[in-house]
Amino acid sequence: MVERVSVDADRPSGAALVRAAAAIRAGGIVAYPTETYYGLAVDPCQPAAVAGLRSAKDRTAASPFPLIAADVDQLAVLRLEWSDQGRRLARRFWPGPLTLVLRAGVAMPEGVLGPGSTLAVRVPGCRVARALARAVDGPVTSTSANRSGHPPIVSPDDVAAAMGTRIDLLLDGGTTPGGQASTVVDVTGEAPRLVRAGLVAWARVLESLEA
């Protein structure tokens, strides 16, 4: 049975986050709540941890894992190439369910870095998710806490049942809201490109850049 620790979703702090951060730094996989579903966090700079995450999800697709951070400053370690459009979208929608695809200036393991040395990153709206990245002192992965081909999960009990010993720790912040996943926008080109529709409507993204 997976180790399970509770965290206050409104005021996340204390031993639970310390324990979760230690597990991630040790190369483990931690399930945690986001503003939509439960996600899985590993240290994206550890190739073995990223490979373990792919195995835990039974994931064979080549699509890279996105990353979350506690705030924009925490993303500096990735040496992202920020376009004016990217900065404007980050200021408008972060923290929140908008993922930006940006070019990175650092080497990352296979499974995190996308085509053209890109990374998918965001600062999430969920306090627990941001607190976890802050406790780790660096960005962590954010992929749904389910096996590939299965629906995403909102209940910590269902995460425990579905993932079991495939993960090292379950950070229990209660049931999450569910709904659509984050919107993914590529801002590496001259014009923004919608990669995945989600909670932030594409029309709102475009309107925010016209203002």
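Within the range 158-177, the set of residues being out of contact with any Asp or Glu (no Cβ under 8 Å at 6 or more places or on another chain) and exposed (fewer than 13 other Cβ atoms within 10 Å of the Cβ) comprises Ala161, Gly164, Thr165. Taking interchain pairs and intrachain pairs at least six residues apart, which have beta carbon atoms under 6 angstrom, with the first residue in the range 195-211 and under 14 Å from Asp84 (Cα atoms) and the second among the charged types (D, E, K, R) and exposed (fewer than 13 other Cβ atoms within 10 Å of the Cβ)? Sorted first by the residue in the range 195-211, then by its partner, the list stays empty. Inspect the range 164-175 for any residue being over 17 Å from Thr36 (Cβ atoms), more than 12 Å from the chain's Cα centre (by Cα) and among the β-branched types (Val, Ile, Thr) and give the result as yes or no. Looking through the range 164-175, at least one residue is over 17 Å from Thr36 (Cβ atoms), more than 12 Å from the chain's Cα centre (by Cα) and among the β-branched types (Val, Ile, Thr).
Filtered by the rule that a residue be touching a residue at least 12 places away in the same chain (Cβ under 8 Å) and more than 15 Å from the chain's Cα centre (by Cα), the range 91-101 gives Arg92, Phe93. Evaluate the range 82-97: report whether one residue or more is in a strand (DSSP E or B), touching a Ser or Thr at 6+ places or on another chain (Cβ under 9 Å) and modelled with pLDDT of 95 or more. Within the range 82-97, none of the residues are in a strand (DSSP E or B), touching a Ser or Thr at 6+ places or on another chain (Cβ under 9 Å) and modelled with pLDDT of 95 or more.
Pairing residues of the range 11-40 that are closer than 20 Å to Pro97 by Cβ with residues that are part of a helix (DSSP H, G or I) and among the charged types (D, E, K, R), at Cβ distances under 8 Å and at least 6 apart in sequence or on separate chains, gives Pro12/Arg127.
No other residue among Ala135, Ala107 is of a type in the set (A, V, I, L, M, F, W, C) and either modelled with pLDDT of 95 or more or under 15 Å from the mean Cα position of the chain (by Cα) (or both) apart from Ala135. Has the range 172-186 got at least one residue that is closer than 21 Å to Gly28 by Cα and modelled with pLDDT of 95 or more? Within the range 172-186, one or more residues are closer than 21 Å to Gly28 by Cα and modelled with pLDDT of 95 or more. If the condition is being out of contact with any Gly (no Cβ under 7 Å at 6 or more places or on another chain) and either surrounded by 23 or more Cβ atoms within 10 Å (Cβ to Cβ) or closer than 19 Å to Asp84 by Cβ (or both), then the range 102-111 contributes Ala104, Gly105. Inspect all residues belonging to the range 78-97 and state whether any of them is polar (S, T, N, Q) and in contact with a Lys or Arg (Cβ under 8 Å, 6 or more places away or on another chain). No, the range 78-97 has no match at all. Pairing residues of the range 137-149 that are under 16 Å from Ala161 (Cβ atoms) with residues that are of a type outside the set (D, E, K, R) and assigned to a loop (DSSP other than H, G, I, E, B), at Cβ distances under 6 Å and at least 6 apart in sequence or on separate chains, gives Ser144/Tyr37; Ser144/Pro152; Ala145/Ile153; Asn146/Pro152; Asn146/Ile153. The residues of the range 101-118 include none that are of a type outside the set (A, V, I, L, M, F, W, C) and closer than 30 Å to Asp8 by Cα.
The values are calculated or read from the model by the stated rules, or taken from the named source; none is laboratory data. Just so it is clear, the model here is predicted, and its values are computed rather than measured. Methodologically, a virtual Cβ is constructed for each residue, glycine included, from the backbone with ideal geometry; neighbour enumeration extends over all protein chains shown.
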